[in-house]
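This report concerns only the one structure given below.
Nothing in this text is a laboratory measurement; each read-out follows from the coordinates by a stated rule. Note that the coordinates shown come from a computational prediction; the quantities given were computed from them, not determined experimentally. Reconstructed Cβ throughout: ideal geometry from the backbone, glycine too, with neighbour counts over all protein chains shown.
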Amino acid sequence: MKQFVAVIIITGVILFRPAAAAERPKEDAWATFIKAGFAYQEGRYDEAIVQYEHLLQQGRVSGALYYNLANAYFKKGQLGKAILNYERARELLPRDSDVLSNYKLTLSQKEQNFPLPRKSMIQKTAEGALNYYTVNELVVLTVVLMTMAGGLFLAALFFTWPRQKISFVITACLTLSVLCAAGVIVKMHVRAGEGFAVSSTEARFEPRHDATVHFTVKEGQKVKALKREGPWLKIERPDQKTGWVEAGTVELL
């Protein structure tokens, strides 16, 4: 794991800058955060987890805080919770090298009990491009590119610019804006219902304890929630097998 002190500084800047706007006592938030940091450094990971979760419940969401929480869960040996929070951190800090390296390390320790579907080079490239940006960044890029295209079009009406060159630039801006907008839609669609098993469990054919077991879901396994029925959740594995598990064994992003 990377040096924790650096994470404290980064997270402090991100978390507590808007404290006044949220009308919560800044001193209490700082105290909670510092307490969690010392607890982590002293190996009291349960206490650190409680404090970090408390900050998240207060609405102080940030990629760095999810990263710290994931580190604490990793130290506790709770790989499912660690993977879940690294994934949440990756959504907000997609290019952070510490998040990515610790996330890969944790995934390498996860037990895999079925072969994952193979991805084509095109799928891997598209996935890599989408994972490079957050949803908010893609939205901003879409708006900026569309604004640029509109501005160039209006400018071309009033100035004697070469039509062929301006048309090419406008077309390029519009094409990129469409790709960014499509990226937003795809990311939101893919993330809808996505979650991770926070503990190993058995998936059954029907939502009841005496139903036949269909397959085993290992801790840290990525799943997609399809339907909820009381305390049961119908999930789908990456290989498209579906089954019912107790809702408490899976947490959604």
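Tabulated data for the structure shown
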quantity: Coordinate range along principal axes, alpha carbons of segment 121-191, Å, largest first; calculated: 46, 25, 15
quantity: Principal axes of segment 151-253: Cα extent on each, largest first, Å; calculated: 77, 23, 19
quantity: Residue-span extension gain [VAL213 to PHE153] - 0.36 nm each, minus C-alpha spacing; calculated: 15.5 nm
quantity: Nearest 10 degrees, 0 to 90: helix 63-76 Cα axis against the chain principal axis; calculated: 30
quantity: Computed [θ] at 222 nm, deg cm²/dmol, the chain (DSSP H ≥ 4; -39,500 (n - 2.57); rounded to nearest 500); calculated: -19000 deg cm²/dmol
quantity: Residues TYR103, TYR52, TYR45, TYR73 arranged by fewest to most Cβ contacts within 10 Å; calculated: TYR45, TYR103, TYR73, TYR52
quantity: Length-normalised contact order for segment 183-247 - Cα pairs under 8 Å, 6+ apart - percent; calculated: 30
quantity: Cleavage-rule hits, trypsin sites (Lys or Arg not before Pro), segment 178-222, DSSP coil, Cβ neighbours within 10 Å at most 15; calculated: ARG208
quantity: Residue order, fewest to most surrounding Cβ atoms within 10 angstrom, among SER62, SER97; calculated: SER97, SER62
quantity: Relative contact order (percent, whole number), the chain, Cα cutoff 8 Å, 6+ residue spacing; calculated: 14
quantity: Modelled FRET efficiency - R0 30 Å, GLU42 with GLN112, Cβ distances, 0.05 increments; calculated: 0.35
quantity: Per-residue HN-Hα couplings for segment 203-211 [Karplus 6.51, -1.76, 1.60; θ = phi - 60°; Hz; x = Gly/Pro]; calculated: 9, 10, 6, 9, x, 7, 5, 8, 6
quantity: Whole-number percent relative contact order across segment 110-194, with pairs defined as alpha carbons under 8 Å at least 6 apart; calculated: 38
quantity: Structure-derived P(r) over Cα pairs in 5 Å bins from 0, in percent: which label, when the choices are (i) 1, 6, 12, 16, 17, 18, 14, 10, 5, 1, 0, 0; (ii) 1, 6, 11, 13, 14, 13, 12, 10, 7, 5, 3, 2, 1, 0, 0, 0; (iii) 1, 5, 8, 9, 7, 6, 5, 4, 4, 3, 3, 3, 3, 3, 3, 3, 3, 3, 3, 3, 4, 4, 4, 3, 3, 2, 1, 1, 0; calculated: (ii)
quantity: Note, ³J(HN,Hα) from phi for segment 155-168, Karplus 6.51, -1.76, 1.60, rounded to Hz, x at Gly and Pro; calculated: 5, 5, 6, 9, 10, 8, 8, x, 4, 5, 5, 5, 4, 5
quantity: Chymotrypsin sites (Phe, Trp or Tyr not before Pro) restricted to segment 134-239 and DSSP loop, no more than 15 other C-beta within 10 Å; calculated: PHE159, PHE205
quantity: Segment 90-135: trypsin sites (Lys or Arg not before Pro) falling in loop per DSSP and having at most 13 other Cβ within 10 Å; calculated: ARG95, ARG118, LYS119
quantity: Residue-span extension gain [MET121 to GLU246] - 0.36 nm each, minus C-alpha spacing; calculated: 41.4 nm
quantity: Excluding exposed DSSP-loop GluC sites (Glu not before Pro) (at most 15 other C-beta within 10 Å), longest clean stretch of the chain; calculated: 112-253
